[in-house]
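See below for the structure under consideration.
The values are calculated or read from the model by the stated rules, or taken from the named source; none is laboratory data. Because the structure is predicted, anything quoted here is derived from the model rather than measured. A quick note on method: Cβ atoms are made from the backbone with ideal geometry, for glycine too, and the neighbour counts reach across all protein chains shown. Quick note on the areas: whole protein, heavy atoms, side chains included, nothing else; ligands and nucleic acids left out. Shrake-Rupley method; radii C 1.70, N 1.55, O 1.52, S 1.80 Å.
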Amino acid sequence: KILPSTQIVILHGRYLAAPAKSGLMMVHIRRARERVLFDRFLYAIRQGEHLSHKSLFPVKVEVGRTGKMILEENDGLLSGLGFDISPFGDDAVIFNGVPDGYPMDAAGVRKMAEDLLQILTEGQSSLQEMMETSTAERLAKLGARSMQDLNSPAEAQRLIDELLSCSNAEFTSSGLRIITILPVEELDTRFSK
């Protein structure tokens with residue numbers, strides 16, 4: 001006899017499967033992380049609060065004079081989101097800390113700096129709220145792409161708990177589905193023959 005399990009299954013590093021009252025809940029991992037980060041970043045931007053992950057080994061990134069100027073112009077926004085960036089010379093910066101959930105390895109920080117500069121360059125919108133939402137959405141996508149794989153059911157459960165506490169757990173900020181329920185009836189149909 002197989003006992004019912006409340007464990008969450010991680011499928012191919014892309015999906016989570018967990019029992020639900022009406023069937024089987026499937027969660028798209030990257031989109032769930034994106035939603036969690038979006039809500040976190042939007043709150044941080046609007047409230048001026050953030051969670052930062054400090055590095056024992058800060059990472060120097062060559063960004064050029066223009067890139068350095070863009071980062072300095074957006075220092076308030078970036079520090080409000082949890083980035084701790086210091087100028088270094090004429091064309092470089094030091095990443096001392098990044099928002100919680102972002103990688104702090106040198107290659108990851110360099111890639112993140114490129115993406116961050118692109119976001120800030122394109123994000124010159126006139127309406128403050130639109131800029132806040134757009135910035136939070138882009139940073140959430142960047143963060144979701146750069147996060148490491150889930151390694152345990154406990155990490156998967158934590159992600160589901162964080163997702164279910166979001167303002168909208170079903171869809172990303174751009175409208176992509178995050179959760180779907182496979183009803184028991186549909187499963188019964190698949191096994192009827």
Query raised in the report: Restricting attention to region 147-155, does a residue exist that is over 20 Å from ALA18 (Cα atoms) and either in contact with a helix residue (DSSP H, G or I) (Cβ under 9 Å, 6 or more places away or on another chain) or surrounded by 14 or more Cβ atoms within 10 Å (Cβ to Cβ) (or both)?
Result: yes
Report task. Specify the residue that is nearest to LYS21 (Cα to Cα); the eligible residues are those in region 156-182 that are in contact (Cβ under 8 Å) with a residue 60 or more places away in the chain and of a type in the set (Ser, Thr, Tyr). Result -> THR180
Report summary line: The lone condition GLU49 fails out of (1) acidic (Asp, Glu); (2) loosely packed, with under 13 Cβ neighbours inside 10 Å; (3) at pLDDT 85 or above is (3)
**Report entry** So ILE181, is it modelled with pLDDT of 90 or more and surrounded by 11 or more Cβ atoms within 10 Å (Cβ to Cβ)
**Finding:** yes
Query raised in the report: Taking ALA32, is it over 30 Å from PRO183 (Cα atoms), part of a helix (DSSP H, G or I) and not polar (S, T, N, Q)?
Result: no
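Results for (1) under 22 Å from PHE38 (Cβ atoms); (2) modelled with pLDDT of 90 or more; (3) under 20 Å from the mean Cα position of the chain (by Cα); (4) assigned to a helix (DSSP H, G or I), shown as yes or no for each residue.
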position: LEU142; (1), (2), (3), (4): yes, no, yes, yes
position: ARG145; (1), (2), (3), (4): yes, no, yes, yes
position: GLN148; (1), (2), (3), (4): yes, no, yes, no
position: ASN151; (1), (2), (3), (4): no, no, yes, no
position: ASP161; (1), (2), (3), (4): yes, yes, yes, yes
position: ALA169; (1), (2), (3), (4): yes, yes, yes, no
position: SER174; (1), (2), (3), (4): yes, no, yes, no
position: GLU186; (1), (2), (3), (4): no, yes, no, yes
Query raised in the report: If you check every pair at least six apart or on different chains, which have Cβ atoms under 6 Å apart with a residue in region 32-44 that is open to solvent by less than 10 Å² (accessible area, probe 1.4 Å) first and a residue that is modelled with pLDDT of 85 or more and not in a helix (DSSP H, G or I) second?
Result: ALA32/ILE178; GLU34/THR172
Report summary line: Only one of (1) surrounded by 13 or more Cβ atoms within 10 Å (Cβ to Cβ); (2) under 13 Å from the mean Cα position of the chain (by Cα) does not apply to PRO87, and that is (2)
Query raised in the report: Before we move on, is GLY67 in contact with a strand residue (DSSP E or B) (Cβ under 6 Å, 6 or more places away or on another chain) and surrounded by 13 or more Cβ atoms within 10 Å (Cβ to Cβ)?
Result: no
